[in-house]
1. Quick one: would you say LEU88 is over 30 Å from VAL115 (Cβ atoms), of a type outside the set (Ser, Thr, Tyr) and not in a loop (DSSP other than H, G, I, E, B)?
2. May I ask you to list the residues in the range 109-120 that are of a type outside the set (S, T, N, Q) and either surrounded by 13 or more Cβ atoms within 10 Å (Cβ to Cβ) or not in a helix (DSSP H, G or I) (or both)?
3. Only one of these is touching a helix residue (DSSP H, G or I) at 6+ places or on another chain (Cβ under 9 Å), surrounded by fewer than 19 Cβ atoms within 10 Å (Cβ to Cβ) and either free of Cβ contacts under 8 Å to residues at least 24 places away in the same chain or not assigned by TED's automatic domain parsing to the domain that holds ARG139 (or both): ARG85, ARG72, ARG100, ARG79. Name it.
4. Does any residue of the range 21-44 turn out to be over 14 Å from the mean Cα position of the chain (by Cα), free of Cβ contacts under 8 Å to residues at least 24 places away in the same chain and either in the same structural domain as VAL124 (by TED's automatic domain parsing) or surrounded by fewer than 16 Cβ atoms within 10 Å (Cβ to Cβ) (or both)?
5. Residues that are outside the structural domain of LEU128 (by TED's automatic domain parsing), in a helix (DSSP H, G or I), of a type in the set (Lys, Arg) and within 16 Å of the chain's Cα centre (by Cα): does the range 12-20 have at least one?
Amino acid sequence: MDGVRLLGLGKRLTELGREVMDGAGPVTLTPGEIAVVADVLRHPGSSVREIGARTGFAQSHVSNSVARLRERGLLETARDSADGRRTLVRPTARARRAVRARADRPADEVIAAAVPDAATARRVTALLDELSGLLLPPR
């Protein structure tokens with residue numbers, strides 16, 4: 001497999017993953033909001049600047065995303081007690097529940113719809129399970 005094919009596969013897997021996640025509940029987020037929430041879940045208590053540095057988004061974009069996500073009850077913010085100019089961002093319990101619900105949703109239906117038949121779907125699912133075991137850290 002060459003790099004271009006690998007990137008294409010990654011893009012297709014991302015599309016399928018988004019399809020699984022989008023069908024898991026009423027919360028719809030933009031790709032940028034997903035990146036911000038994912039970063040905050042991995043690094044709770046981060047500043048807007050730190051989130052921007054890790055995601056590659058401009059600080060203004062992160063600030064706007066955080067404000068929207070706070071209004072939707074997915075993130076909470078507080079002033080840094082050590083430096084009142086900094087805003088620290090944490091995920092809410094609602095965000096954690098939404099992520100858990102999406103993460104636990106099986107991909108079987110989406111994979112079955114992406115391939116020509118049930119036997120191929122079972123094979124793809126088995127191969128993806130094997131690949132995830134080889135390439136991803138344990139949960």
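The values are calculated or read from the model by the stated rules, or taken from the named source; none is laboratory data. Since the structure is predicted, the reported quantities are computational estimates derived from the model, not experimental observations. A quick note on method: Cβ atoms are made from the backbone with ideal geometry, for glycine too, and the neighbour counts reach across all protein chains shown.
1. Numbers: over 30 Å from VAL115 (Cβ atoms): yes; of a type outside the set (Ser, Thr, Tyr): yes; not in a loop (DSSP other than H, G, I, E, B): yes.
For LEU88, the condition - over 30 Å from VAL115 (Cβ atoms), of a type outside the set (Ser, Thr, Tyr) and not in a loop (DSSP other than H, G, I, E, B) - is met.
2. From the range 109-120, those of a type outside the set (S, T, N, Q) are 109-119; that's our starting set.
Listed by number, the residues that qualify are GLU109, VAL110, ILE111, ALA112, ALA114, VAL115, PRO116, ASP117.
3. Values: ARG85 fails: touching a helix residue (DSSP H, G or I) at 6+ places or on another chain (Cβ under 9 Å); ARG100 fails: touching a helix residue (DSSP H, G or I) at 6+ places or on another chain (Cβ under 9 Å); ARG79 fails: touching a helix residue (DSSP H, G or I) at 6+ places or on another chain (Cβ under 9 Å).
Within the list ARG85, ARG72, ARG100, ARG79, the selection yields ARG72.
4. Yes; the residues of the range 21-44 include at least one that is over 14 Å from the mean Cα position of the chain (by Cα), free of Cβ contacts under 8 Å to residues at least 24 places away in the same chain and either in the same structural domain as VAL124 (by TED's automatic domain parsing) or surrounded by fewer than 16 Cβ atoms within 10 Å (Cβ to Cβ) (or both).
5. No, the range 12-20 contains no residue that is outside the structural domain of LEU128 (by TED's automatic domain parsing), in a helix (DSSP H, G or I), of a type in the set (Lys, Arg) and within 16 Å of the chain's Cα centre (by Cα).
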